[in-house]
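Below you'll find the structure I mean.
The values are calculated or read from the model by the stated rules, or taken from the named source; none is laboratory data. Worth saying up front: this structure is predicted, and the values here are computed from it rather than measured. Here the Cβ is made from the backbone with ideal geometry for all residues, glycine too, and neighbour counts use every protein chain on show. Surface areas here come from the heavy atoms of the whole protein model, side chains and all, with no ligands, DNA or RNA. Shrake-Rupley method; radii C 1.70, N 1.55, O 1.52, S 1.80 Å.
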Amino acid sequence: MHPMLNIAVKAARCAGGIINHAAQNLDILHVSRKSHSDFVSEVDSKAEDAIINIILEAYPKHSILAEESGVIGNEKEPEYQWIIDPLDGTTNFLHGFPQYSISIALKHRGILTQAVIYDSIGNELFTASRGRGAYLNDHRLRVSKRSQLSECLIGTGIPFRDLTHIESYLSMLKDILSRVAGIRRPGSAALDLAYVAAGRYDGFWELQLEPWDMAAGCLLITEAGGLVSDLEGNENYMNSGHIIAGNPKIFGQLLKIISPHLTKKLIA
Ligand code: IPD
Ligand code: CA
Ligand code: CA
């Protein structure tokens, strides 16, 4: 295993321990609201601190972009940047709904090179290193082989904090759900992307994500043979936050269904 991936795994497992321990005592958790429907608990911060400490202990000069701490390091274009979501699916976690994850990715000179997504409840560790494939625990991952949309299971996320694009989203949803076998919205975008890499979903789309929701999942998918783009089929998803992913046969079909629903606001 690449030494930097090894550090990411160590950090993710440590955060997983903190999260699993806290999950046993949800009633005593201190929770605050960042904005409408955006909750943060002391566990998010504790897990993030633990991840950052492990990374900076190993690589003190590396830069960090983490959901709760923001940017750490003062270089404009850092050589190494770690992108961290310490708890993806906080709302699920707070409700004892067992679908959440830890997501850690590393960019080297602007290119994603290492990725970990850890489901600490199921003890499922998804990892990828650029050029070396994607794994779930010790098993090599490949995206699914389905080519008929009518047989596909598609993941998504429903906008809930900022409803700017809700009408466009609902029209996409309506169009897609009438053509596929099923749609799921479990509530952890990072884990959703890992499931595309694992072939559990055949495709996925969501609007208004943040870089820490997507970074690790995107490398997992491409290393598993899948495709990822923004809503227009370009690579701007880390900036726009709008993402489509899937196996190579389904990806293009999703893109085609979504394209008539694009508004100026969505592609701006
Ligand atoms: C959220 C989850 C959710 C997605 C939201 C994210 P958080 O992350 O990934 O699935 O729909 O857009 O913000 O806030 O729980 O880390
Ligand atoms: Ca998140
Ligand atoms: Ca989070």
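Taking the Cβ of residue 136 as the centre, find all other residues whose Cβ is under 13 Å away and add up their charges (Lys, Arg: +1; Asp, Glu: -1).
Every neighbour counted, the sum reads -1.
Say a site is exposed when it is one of the trypsin sites (Lys or Arg not before Pro), sits in a DSSP loop, and has at most 12 other Cβ atoms within 10 Å; what is then the longest site-free stretch of the chain?
Value returned for the longest uninterrupted segment is 162-268.
Could you tell me what percent of the accessible area of the chain is made up of carbon and sulfur, with a 1.4 Å probe and every protein chain present?
After summing per-atom areas, the C and S share lands at 49 percent.
Could you give the accessible area per residue of the chain, probe 1.4 Å, as a whole number in Å²?
46
Calculate, for residue 75 and residue 28, the FRET efficiency according to 1/(1 + (r/R0)^6) with r their C-beta to C-beta distance and R0 35 Å; round to the nearest 0.05.
That pair, residue 75 with residue 28, gives E of 0.30.
Further, regarding this structure: Go through the range 175-191 residue by residue and turn each phi into a ³J(HN,Hα) via Karplus (6.51, -1.76, 1.60, θ = phi - 60°); whole Hz please, and just put x for glycine and proline.
Listing the rounded values in order: 5, 6, 5, 7, 10, 10, 6, x, 10, 10, 9, x, x, 9, 4, 4, 5 Hz.
Quick check on my link table: of 174/256; 76/107; 10/46; 76/264, which ones sit more than 24 Å apart, alpha carbon to alpha carbon?
Check vs 24 Å cut-off fails for 76/264.
Using the alpha-carbon centroid of each, what span in Å lies between the range 83-158 and the range 193-246?
The distance from the Cα centre of the range 83-158 to that of the range 193-246 comes to 10 Å.
Can I ask one more? Given a Förster radius of 22 Å and the C-beta distance between residue 61 and residue 109 as r, what FRET efficiency does 1/(1 + (r/R0)^6) yield to the nearest 0.05?
0.95
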